[in-house]
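Report on the following structure.
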Amino acid sequence: MRLKDLYACLAIIGVSTLAMGGVSYAIGIRINTTKSIPVGFYQTSNAPIEKSAYVMFCPPPTGLFDKAMERGYIGAGYCPGGYGFMMKKILAAKKETVTINGDGVYINGQLVPQSHPFKADAAGRPLPSFQIDNHTLDDSELLLMSDVSSTSFDGRYFGLISRTQVTTVIRPLYTW
């Protein structure tokens, strides 16, 4: 194969890959590569924002999320503040009681497995400490966390998120 033909072949593959990625995004396919929820492919949906749903959300533009992006806990993207979308599971919603302290996260008095907050990240930098005691969530508040990783940057550190921050409910298509 001549070098010219190889370049043409690579160009066709590149353009095809970009086109497939664009089409996939346009029809609502999203890819999760983080340890926040199971790694894999997800489909956006019009499903209700309720407990146990996986969601994509824009972090609110605050100093806490500025530092999270600076440290690489979240990526850059198109959300206000220049943040990337985050994907988490809704662990608590309307009328549930939440306590977050040094022991972990409690929902309606039950300790959530793998919810113990760490004092520092893997690089030894102090993590934010969010604490709340027996707070009953109103209709606008959500507790978003990982259900698969004890080291995820989630509600243990950034607290409650407004329902208005959620951009879509996502449903797993294929995860591993």
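The values are calculated or read from the model by the stated rules, or taken from the named source; none is laboratory data. Bear in mind that the values here come from a model prediction, so they are computed numbers and not experimental data. Because the Cβ atoms are built from the backbone with ideal geometry, glycine has one as well, and the counts that use them run over all protein chains shown.
Which one of Thr97, Thr136, Thr175 is under 21 Å from Val39 (Cα atoms) and either surrounded by 12 or more Cβ atoms within 10 Å (Cβ to Cβ) or more than 13 Å from the chain's Cα centre (by Cα) (or both)?
Working: Thr97 fails: under 21 Å from Val39 (Cα atoms); Thr136 fails: under 21 Å from Val39 (Cα atoms).
The unique qualifying residue is Thr175.
The residue pairs whose first member lies in segment 121-132 and is free of Cβ contacts under 8 Å to residues at least 60 places away in the same chain, whose second member is loosely packed, with under 14 Cβ neighbours inside 10 Å and part of a loop (DSSP other than H, G, I, E, B), and whose beta carbons are closer than 6 Å, counting only pairs six or more residues apart or on different chains, are Leu127/Phe118. The single residue among Ser150, Ser115, Ser146, Ser129 that is in contact with an Asp or Glu (Cβ under 7 Å, 6 or more places away or on another chain) and among the hydroxyl-bearing types (Ser, Thr, Tyr) turns out to be Ser146. Number of residues in segment 146-176 that are assigned to a strand (DSSP E or B) and under 22 Å from Pro80 (Cβ atoms): the value is 7.
State all residues of segment 133-145 that are assigned to a loop (DSSP other than H, G, I, E, B) and touching a residue at least 40 places away in the same chain (Cβ under 8 Å); if no residue qualifies, say none. Passing the criteria: Leu137, Asp138, Asp139. Applying the condition of being under 14 Å from the mean Cα position of the chain (by Cα) and part of a strand (DSSP E or B) to segment 45-69 and asking which residue is surrounded by the fewest Cβ atoms within 10 Å (Cβ to Cβ) yields Met56.
Could you list all residues from segment 29-44 that are assigned to a loop (DSSP other than H, G, I, E, B), touching a residue at least 60 places away in the same chain (Cβ under 8 Å) and among the β-branched types (Val, Ile, Thr)? Thr34, Ile37, Val39, listed by residue number.
Mind checking whether some residue in segment 82-91 is without any contact (Cβ under 8 Å) to a residue 24 or more places away in the chain and either assigned by TED's automatic domain parsing to the domain that holds Val39 or not acidic (Asp, Glu) (or both)? Explain how you work it out, then say what you get.
At the first step, the residues of segment 82-91 found to be without any contact (Cβ under 8 Å) to a residue 24 or more places away in the chain are 82, 84.
Keeping just the survivors that are either assigned by TED's automatic domain parsing to the domain that holds Val39 or not acidic (Asp, Glu) (or both) gives 82, 84.
For segment 82-91, residues without any contact (Cβ under 8 Å) to a residue 24 or more places away in the chain and either assigned by TED's automatic domain parsing to the domain that holds Val39 or not acidic (Asp, Glu) (or both): present.
Applying the set (1) touching a strand residue (DSSP E or B) at 6+ places or on another chain (Cβ under 6 Å); (2) under 20 Å from Pro59 (Cα atoms) to Tyr106 leaves exactly one unmet item: (2).
Quick check, is Gly21 modelled with pLDDT of 60 or more, surrounded by 10 or more Cβ atoms within 10 Å (Cβ to Cβ) and out of contact with any helix residue (DSSP H, G or I) (no Cβ under 7 Å at 6 or more places or on another chain)? Can you show your working first?
Values: modelled with pLDDT of 60 or more: no; surrounded by 10 or more Cβ atoms within 10 Å (Cβ to Cβ): yes; out of contact with any helix residue (DSSP H, G or I) (no Cβ under 7 Å at 6 or more places or on another chain): yes.
No, not satisfied.
One residue stands out in segment 122-176 among those that are out of contact with any strand residue (DSSP E or B) (no Cβ under 8 Å at 6 or more places or on another chain) and among the hydrophobic types (A, V, I, L, M, F, W, C): the one that is farthest from Leu91 (Cα to Cα), namely Ala123.
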